[in-house]
Amino acid sequence: MAAQIKSLNEECGVFGVWGDPHAVELTHLGLHTLQHRGQEGAGIVGRTPAGLRRHYGFGLVSQVFAHPEDLQALRGPAALGHVRYSTAGGRILENIQPLLFRFADGAVALAHNGNLTNAMSLRAKLEASGAIFQSTSDTEVLMHLLRRSPKPTFVEQLKEALTQVHGGFAFALLTEQGLYAACDPQGFRPLVVGQLPSGGYVVCSETAALTAVGAELIKDIAPGELISITDQGLNSQAYTDKTQLAVCSMEFVYFARPDSEIHGVNVHQARVAMGRQLAKEQPAEADIVVGVPNSSLSAALGYAQASGIPYELGLVKSQYVARTFIQPTQALRERSVRMKLSVLKATVAGKRVVLVDDSIVRGTTAKQIVQLLKEAGAKSVHLRIASPPLRFPCFYGIDIQTTKELFAANHSVAEMKRILGVDSLGFLSVQGLEDSVGLQTTAPHRGLCVAYFTGQYPTPLDDYAANLHDELACLSMDLSEVNA
């Protein structure tokens, strides 16, 4: 098995405001709405009368901004905020975003959601030519490229820099002159722009955050698109014409809030459709359907609707425990499962239970939930997963860096069934996932990136290609099951 790939894969949240006197307060509220996208750290840069100023730190938004003066010092007509996804490596204060850079001709704040597949090679070249990096984050690479561009304007420099970075990214930048946002040529990571009643603009990761601050959606930022917002208004332009939509399918499966819309598709409705399709593809004889809170509840509802099996509340989640998938270590993930979930014994005792979960990544959570149900007296547990088996790493911004971490990459469905202790196990098909989301596009895979399930990546993997090749060769993966 190849050594684990070392990088900073992040599933984060960005939120920026331009042209509103309450920009910092709105950004603070927006970050609360995006807290599910990152719980390790948070930060806000405000455009103040004294220039760009930053407050940031480890912890939840409420912990980082625990005192009124934390926001007061950042007040002005524009702000940029970020919540960072907890990862196993790189937990240093310098990586908390937005990153703030000061130059002789002004300052630039930079926030990023995603992962650059060529960041390591670009960084090596930049360091060899004298560049000095302050963080270990791939985000910083973009700023070095931007500052080295010979183009005459900031926008032209940014466009040139964007064409040099590869992978998945949703960038937001704040200067004294404007707020800028751009998506990668595949649109892996979601990013939207909206308008406030005051006339100001908002750029953020999910439409739910627009709703929270009373902003009206203008549009999803398209693959390869650069948005510039200044006192003169909003301008949109393409920085490349080599684009093809491939939204991360895990946004619909797990990451995004159910009240968000991505390219016109409501996340809750997509998950309900996944559950309905799952019931058709993987039926089970059971008495009740139980969903794993919270991201699987929509799919469980859909399964119950299509199967005719009653939907019941069988698991209760504590709202004060962080999401287990994005805990930084395996030990913390295992410990937090029992902290956050409890079983309603009166509901499941003596019942044949269809347990619907959105995905199986490492298998830790699923195994413990099954044990909890059996301990509570469930007669049988039929596990149904509202996504295909996750067999391949993600290099576009999810903390799945190697096949060694993936349960389905190392075990057949029959083996997983035995290890998890379930009476039956079934997954949604890739085609079922694509049809359930139903993006209106002619792009391959209905505009979704499904590489985690198929191993067919929509872009070259650059710095990661050799490692993945070695891993798969060592693993001797049986690919006959991949699209089953």
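Here, each number is a calculation from the coordinates, and none is a lab measurement. Everything quoted here is computed from the prediction, not taken from an experiment. Methodologically, a virtual Cβ is constructed for each residue, glycine included, from the backbone with ideal geometry; neighbour enumeration extends over all protein chains shown.
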Worksheet item: What are the semi-axes of the equivalent ellipsoid of region 265-440, taken as the square roots of 5 times the eigenvalues of the Cα gyration tensor, listed largest first and rounded to whole Å?
Response: 22, 21, 16
Worksheet entry | Eligible aspartates and glutamates near LYS367 by straight Cα distance, threshold 19 Å, same-chain separation 8 or greater | GLU334, ASP357, ASP358, GLU375, GLU405, GLU415, ASP423
Response to the item:
For the chain, the Cα gyration tensor yields equivalent-ellipsoid semi-axes (√(5λ), largest first, whole Å) of 38, 24, 20
Worksheet item: Taking the Cα centre of region 265-440 as the origin, how large is its charge dipole in debye, to the nearest 20, when only Lys and Arg (+1) and Asp and Glu (-1) carry charge on their Cβ atoms?
Response: 480
Fill in: Residue order, fewest to most beta carbons within 10 Å, for MET250, MET120
MET120, MET250
Fill in: Residue-averaged 222 nm ellipticity for the chain, from DSSP H runs of 4+ at -39500 (n - 2.57), nearest 500
-8000 deg cm²/dmol
Practice prompt. In nm, give the distance between the simple-model label positions of SER135 and GLN305, each being 7 Å from the Cα along the Cα-to-Cβ direction.
Written response: 4.0
Worksheet, complete the sentence: Excluding residues fewer than 8 positions from LYS151 in its own chain, the lysines with Cα under 27 Å of it are LYS125, LYS159, LYS242
Worksheet entry | Rg(Cα) / (2.2 N^0.38 Å) computed for region 13-243, rounded to two decimals | 0.93
Worksheet, complete the sentence: Note on region 214-274: alpha-carbon gyration tensor, axes a ≥ b ≥ c; rule is a/c under 1.5 for rounded, else prolate if a/b larger than b/c, else oblate; result oblate
Worksheet entry | region 369-422: C-alpha pair distances exceeding 14 Å, % | 62
